[in-house]
1. If you add up the charges near L111, with Lys and Arg at +1 and Asp and Glu at -1, over every other residue whose beta carbon is less than 13 angstrom from its beta carbon, what do you get?
2. Could you tell me the distance between the Cα centroids of region 160-178 and region 91-112, to the nearest Å?
3. Checking the cross-link filter: which aspartates and glutamates have an alpha carbon closer than 12 Å to that of K226, excluding same-chain neighbours under 8 positions apart?
4. Any idea what log10 I(q)/I(0) is at q = 0.07, 0.13, 0.16, 0.17 Å⁻¹ for the chain, Debye with uniform C-alpha scatterers and no solvent?
5. Place +1 on the Cβ of every Lys and Arg and -1 on the Cβ of every Asp and Glu in region 27-173, take the dipole about the Cα centre, and give the residue among V148, A52, S82 whose Cα lies farthest towards its positive end.
6. Can you work out ³J(HN,Hα) from phi for every residue in region 191-197, in order, using Karplus 6.51 cos²θ - 1.76 cosθ + 1.60 and θ = phi - 60°, giving whole Hz and x for Gly and Pro?
7. Roughly speaking, what is the stretch gain from Q30 to A207, that is 0.36 nm per residue apart minus the C-alpha to C-alpha distance, in nm to one decimal?
8. So how much slack lies between R162 and F190, counting 0.36 nm per residue of separation and subtracting their Cα-Cα distance, in nm?
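What follows draws every value from the coordinates through simple rules; no lab data is involved. Please read these numbers as outputs of a predicted model, since none were measured by experiment. Neighbour counts are summed over all protein chains in view; Cβ atoms, including those assigned to glycine, are modelled from backbone coordinates with ideal geometry.
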Amino acid sequence: MNRKQLTVFLVLLVVYAFCAFATYAFFTDQLATTAGVPMPDMGVSNAVLGLANAGIVLVAYGLLGLAGYWFARKLGLPGIFSEGGNWRRWFFIPLVLGLVCGVFIVVGDILFAPVNGFGRLVHPEFPISILASLSAGIGEETMFRGFVFGLWGFILNWLFKRFNGRTAALWIANVIAALAFGAGHLGTIFFLTGASSVAELNPVLLAEVFILNGVIGLIAGERYMKDGLVAAAGVHFWTDVVFHVVYGLI
């Protein structure tokens, strides 16, 4: 394995773990306000709760990230970052795409709100919104682009190998990962609406979740294929900054 790649991934993982620690150690009251329900009493201090969540992040997402990196190398993808590239590919392009995607979600939220039976989507309170943007950018991209994309890309590439269908395998995997990314947000929608099954959700709200998140997932996946996890996380992070931080404050 490439030491530079793994070092960069370790840095991302530590940042994610710190965000998890800080969120639960210092901002539990804001978490409760955002959720609209009091935080359950876990019988431990907030600092211990934060350390526990940081530990879970390091172990669970560390394993997911390593598996995703292994899949990426088998598929001939950059992995964590594209070596031989420059900062424009790792920072500037994800920044621009993220800002555009953020505006896209804001417009989508405004257009869907009158007809989705719920209204505008909920945002974490500031400054949790910044920590949440970092956490989602690193954690969700590690899971959905690194692991889910990688797993399906590996399986489909093996199935299509005799047909020289690597490109098709990667894009089908990208679509699967984007759909999984959209489905991953249903838990929050269930909680906010009180629904217990997909059948109880307003179809327009369900379509909104998959369309908005699906588009972001596809774009992040395209960056992942070209420039690796760092670029995908950048697209996701800047999208959330526009939507959850800036739009949330407005």
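1. Charge balance in the 13 Å sphere: -1.
2. 26
3. Partners within reach: E83.
4. Result of the Debye calculation: -0.24, -0.84, -1.24, -1.36.
5. Farthest towards the positive end: S82.
6. 5, 5, 8, x, 6, 10, 8
7. Contour length minus the Cα-Cα distance gives 60.8 nm.
8. Answer, rounded to one decimal: 5.8 nm.
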